[in-house]
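The values are calculated or read from the model by the stated rules, or taken from the named source; none is laboratory data. As the structure is a prediction and not an experimental result, all values here were calculated from the model. Cβ coordinates were reconstructed from backbone atoms using ideal geometry, including for glycine residues, and neighbour counts include every protein chain displayed.
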Amino acid sequence: MKSVAQHAKDCVSAVGILPELEVTLVEAVGCVLSRDVTAPFDLPVTDSAACDGYALRTVDVREARKDHPVELSVVDQIRAGDINPVTLLPGHAAKISSGAPLPGGADAVLAPEYTDQGLARVQIKSAPRAGENIRVRAEDVATGDPLVKAGTRLASRHVAMLAGAGLARVWVHPRPRVVVISIGDELVEPGDTPRPGQVFDANGHALATAAADLGTDVFRVGAVSDSRAELRSMIEDQLVRADLIVTTGGLSGSEVDTVPEVLAPLGVVEFDQVAMWPGRVHGVGHVGGIPIFCLPGDPVAAQVSFAVFVHPAIRAMAGYEMKYRPTLRANVDRGWYSPRGRREFVRVTIDGSPSQGYNATVQGGPHQLLVSALGRSNALAVVPEAVTHVQAGDELVCILLDD
């Protein structure tokens, strides 16, 4: 029987990191940067006004006070985007907009409330210090400064910095394209009325959204029957748009040969009994050169398998250094028997704090595969293979399901 650790390693090894692409900033959001980015220009590109007001020479207004204003001639009005502004002579000022380039000779910008806001001539009622309300060239970013390191997942705040520094495109690892296929004659779409023996396709929706939560581009295929011809045709059709295919179902005892037989002519996929609960039979390999993971059909087992095996593989494809979900140690609220030789993943709700410790409340029976218990959970308590009896108060490693 294959260990959980080995199967997780095989899944990550099967995918590999996606080749880098140069994309626009909008397209890059949510992707992982593949190259360090440095500033191609200074930011600001020139000394500029930090507020609306009057650009002036502080030497001209040293004696200015509210009860003893100093009058200057206004020789220009400078707006943001203007180029080649004037150079101020002694006794002159320029009305200026926030973000506009500073005129030559000016060493301060005085806010309008400290003036009479004159147009041709202005009375200065306060003596600003040199550098007041000026954004100095390159005070934010200098040419060649590092902006974002490779391995960073780009968000809107990074785009603000990159665009502000004059960059339009960056190199990233693209979002993985994930195709999710549910297999089973018994499956019907949520919203339909099931007949006796039919069940809703929970996995297709749940696995697709789990992949989407990781920033992938997801293509969910409607439920496919157990027909070998139909399944093979569907998988072949999906290869052109997939970086990864995830199937669920078609691996129960009565159908164990269905999926392997369909996939055998298309590539190499290994199916193993994995020493875990919930879940048992899993597949990993390649079809048509595309990685494929085959998960159990039970919704709880499928979600556990996604968290343990698919989650780190997708993050590896996307270029993340940290592939696995975070964990913490928590004390369980009750005891139970755990199957010998299998790593058990029990649905729990974690509460507590780093200073006071954490508690894990088991949701439902540990051996009951209840979607209601899964929905209430925010973590998976992990029982090692060698442990058969868990006691109330035991401390277990828990995999967090919420980011």
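Within the range 25-33, can one find any residue that is part of a loop (DSSP other than H, G, I, E, B), within 17 Å of the chain's Cα centre (by Cα) and either at negative phi or of a type in the set (Phe, Trp, Tyr) (or both)? Yes, because at least one residue in the range 25-33 is part of a loop (DSSP other than H, G, I, E, B), within 17 Å of the chain's Cα centre (by Cα) and either at negative phi or of a type in the set (Phe, Trp, Tyr) (or both). Within the range 118-135, residues that are in contact (Cβ under 8 Å) with a residue 40 or more places away in the chain and under 13 Å from Arg62 (Cβ atoms) reach partners that are surrounded by 14 or more Cβ atoms within 10 Å (Cβ to Cβ) and acidic (Asp, Glu) with beta carbons closer than 6 Å, at six or more positions or on different chains, in the pairs Ala130/Asp107. You will find that of Gly250, Gly204, the residue that is assigned by TED's automatic domain parsing to the domain that holds Val179 and touching a helix residue (DSSP H, G or I) at 6+ places or on another chain (Cβ under 7 Å) is Gly250 and no other. Residue by residue through the range 327-344, note down the ones that are part of a loop (DSSP other than H, G, I, E, B), in contact with a strand residue (DSSP E or B) (Cβ under 8 Å, 6 or more places away or on another chain) and either of a type in the set (D, E, K, R) or not assigned by TED's automatic domain parsing to the domain that holds Ala381 (or both). Selection gives Asp333, Arg334, Arg342. Of all the residues in the range 153-198, those that are over 30 Å from Pro291 (Cβ atoms), of a type in the set (A, V, I, L, M) and not in a helix (DSSP H, G or I) number 3. Of all residues in the range 271-284, at least one satisfies being surrounded by fewer than 18 Cβ atoms within 10 Å (Cβ to Cβ), touching a residue at least 60 places away in the same chain (Cβ under 8 Å), part of a strand (DSSP E or B) and not assigned by TED's automatic domain parsing to the domain that holds Pro339.
Condition check ((1) within 27 Å of Leu25 (Cβ to Cβ); (2) surrounded by fewer than 20 Cβ atoms within 10 Å (Cβ to Cβ)) across all residues:
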site: Arg153; (1), (2): yes, yes
site: Ser156; (1), (2): yes, yes
site: Val179; (1), (2): no, no
site: Asp185; (1), (2): no, yes
site: Asp192; (1), (2): no, yes
site: Arg195; (1), (2): no, yes
site: Gln198; (1), (2): no, yes
